[in-house]
Amino acid sequence: MKKETHRARKRFGQNFLQDQGLINRLVQLINPKPDDNVVEIGPGQGALTAPLLDTLNKLDAVEIDRDLVAMLTEKFANQPLTIHEADALKFDFNALITGQPIRVIGNLPYNISTPLIFHLLDYQTAIKDMHFMLQLEVVERLAAKSSTKAYGRISVVCQYYCDIEQCFLVPPTAFNPQPKVMSAIVKLTPRPFKITVQNDDLFIRLVKACFAQRRKTLKNNLKSILNREQMQQLDCDLSLRPEALTVEMYVKLTNTIDDLLDSESPLRKWI
Ligand code: SAM
């Protein structure tokens, strides 16, 4: 087999896992079963792909770098691996939903982690779980509680759709080339929240608007969206900063605003 001579590409956030102990620990955590419907995002040179294929009857992978696609195709010839050469941010995961919920796995580049998680939330009802290796700071933001510095848009939205579990830390030495920051493994498990949002798009955009300027009050962040009368009808203290509201409070706020807006309201266009 041809020797692997791929030079890591910065623009694709390529930091390849090289610590076999850590790879084993991660695969143990994922605990794949032969019939699982698994998709790996960014298989790279196959550090996780190989041990996953030891168990799985089939595996799908989405990789953007065509040189790596060629390398993986050669490396895993005759194995039940389907490689999709694509940008995971634009990939239609419906193509992989075959009646059995998908399990998503990825050692993700920093620059795509937040948009990719948002993209995957579009498919959350068809996802069993997601295990990601991310920059520690992003994992902390995902898991952050209200009224903390790390709490923001991604915390509220992800905690509404998923249980978030910070699993373990990964030092820079686990990678080649080594990143400058700590990483961590996080597990996201989609499940229904205790209260349901009536309008998911409104929820996601409203949370974004509320956190547009996190040092400002909710009133300030919402003033271009709601008039004074509408603000007065909300059962919410708008003099608070966005991080003061729990996920439940954001859900209730979304539903109240949804009830306030008639279908022809220009605010729906903003939504
Ligand atoms: N899974 C491998 C490992 O653990 O060694 C590689 C991880 S590396 C941090 C990230 C991988 O994601 C690279 O293979 C990179 O080419 C790929 N990638 C980056 N952006 C991508 C995108 N938008 N869509 C799909 N793959 C992407």
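Values quoted throughout were computed directly from the atomic coordinates according to the rules given, and no laboratory measurement underlies them. These numbers were taken from a predicted model, which means no experiment stands behind them. Here the Cβ is made from the backbone with ideal geometry for all residues, glycine too, and neighbour counts use every protein chain on show.
When only DSSP loop residues count, what GluC sites (Glu not before Pro) in region 167-265 have their Cβ near at most 10 other Cβ atoms within 10 Å?
Working: sites: GLU229, GLU243, GLU248, GLU264; in loops: GLU264.
Filter output for region 167-265: GLU264.
Provide the packing ranking of 150-157, 26-33, i.e. peptides ordered by the mean count of other C-beta atoms within 10 Å per residue, highest first.
Values: 150-157: 21.0, 26-33: 15.6.
By packing density, highest mean first, the sequence is 150-157, 26-33.
Please report the equivalent ellipsoid semi-axes of the chain, computed as sqrt(5 x eigenvalue) of the Cα gyration tensor, largest first, in whole Å. Mind dumping the intermediate values first?
Values: eigenvalues 302, 75, 52 Å².
Over the Cα atoms of the chain, the ellipsoid semi-axes are 39, 19, 16 Å.
Where does helix 110-121 land angle-wise versus the long Cα axis of the chain, in degrees 0 to 90, nearest 10?
70 degrees
Extension gain ALA150-GLN28, at 0.36 nm per residue separation less the Cα-Cα distance, in nm? Before the final figure, lay out the partial values.
Working: separation 122, 0.36 × 122 = 43.92 nm, distance 2.90 nm.
My answer for the length gained is 41.0 nm.
Is the shape of region 46-104 rounded, prolate or oblate, going by the alpha carbon gyration tensor and its root eigenvalues a ≥ b ≥ c, with a/c under 1.5 for rounded and a/b larger than b/c for prolate? Write out the running numbers ahead of the final one.
Details: a/c = 2.07, a/b = 1.12, b/c = 1.84.
It comes out oblate by the Cα gyration axes.
Expected output is a single nm value to one decimal: the length gained when fully extending between THR173 and ARG214, i.e. 0.36 nm times separation in residues minus the C-alpha distance. What is it? Show your work: numbers first, answer last.
Numbers: separation 41, 0.36 × 41 = 14.76 nm, distance 3.43 nm.
Stretched out fully, the THR173 to ARG214 stretch lengthens by 11.3 nm.
Counting each DSSP H run of 4 or more residues in the chain as -39500 (n - 2.57), what helix-only mean residue ellipticity at 222 nm follows after dividing by all residues, to the nearest 500 deg cm²/dmol? Provide the component values of the computation, followed by the final result.
Values: 11 runs with 97 residues, N = 271.
Theoretical 222 nm ellipticity from helices: -10000 deg cm²/dmol.
At 0.36 nm per residue, and after removing the present C-alpha to C-alpha distance, how many nm does the segment from ARG191 to THR98 gain when stretched out fully? Don't skip to the end; give the middle numbers.
Details: separation 93, 0.36 × 93 = 33.48 nm, distance 1.95 nm.
Working it through step by step, the gained length comes to 31.5 nm.
How high is the relative contact order of region 33-165, in percent, with contacts defined as C-alpha pairs under 8 Å that are six or more residues apart?
On the way: 183 pairs, mean separation 28.0, N = 133.
Relative CO of region 33-165 lands at 21 percent.
Only Cα pairs under 8 Å and at least 6 apart count here; give the relative contact order of the chain as a rounded whole percent.
Relative contact order comes out at 15 percent.
Which angle between 0 and 90 degrees, to the nearest 10, do you get for helix 200-210 versus the longest principal axis of the chain when only C-alpha atoms count?
70 degrees
Please find the FRET efficiency linking LYS128 to ASP87, where r is the Cβ-Cβ separation and R0 is fixed at 22 Å, and quote it to the nearest 0.05.
On the way: r = 23 Å, r/R0 = 1.06.
For R0 = 22 Å, the calculated efficiency reads 0.40.
Among ASN220, ASN15, ASN78, determine the one that fluctuates most according to a GNM of the chain built with springs between C-alpha atoms less than 10 Å apart.
Highest fluctuation among the options: ASN78.
Any idea what the relative contact order of region 1-98 is, in percent, if you count C-alpha pairs under 8 Å spaced at least 6 apart? Mind dumping the intermediate values first?
Values: 111 pairs, mean separation 23.7, N = 98.
Relative contact order of region 1-98: 24 percent.
LYS180: which lysines have alpha carbons under 16 Å from its alpha carbon, excluding same-chain residues fewer than 8 sequence positions away?
Result set, ordered by chain and number: LYS10.
At what distance in nm do the modelled label points of ASP200 and ARG11 sit from each other, each positioned 7 Å from its Cα along Cα→Cβ?
Simple spin-label model gives 3.3 nm for this pair.
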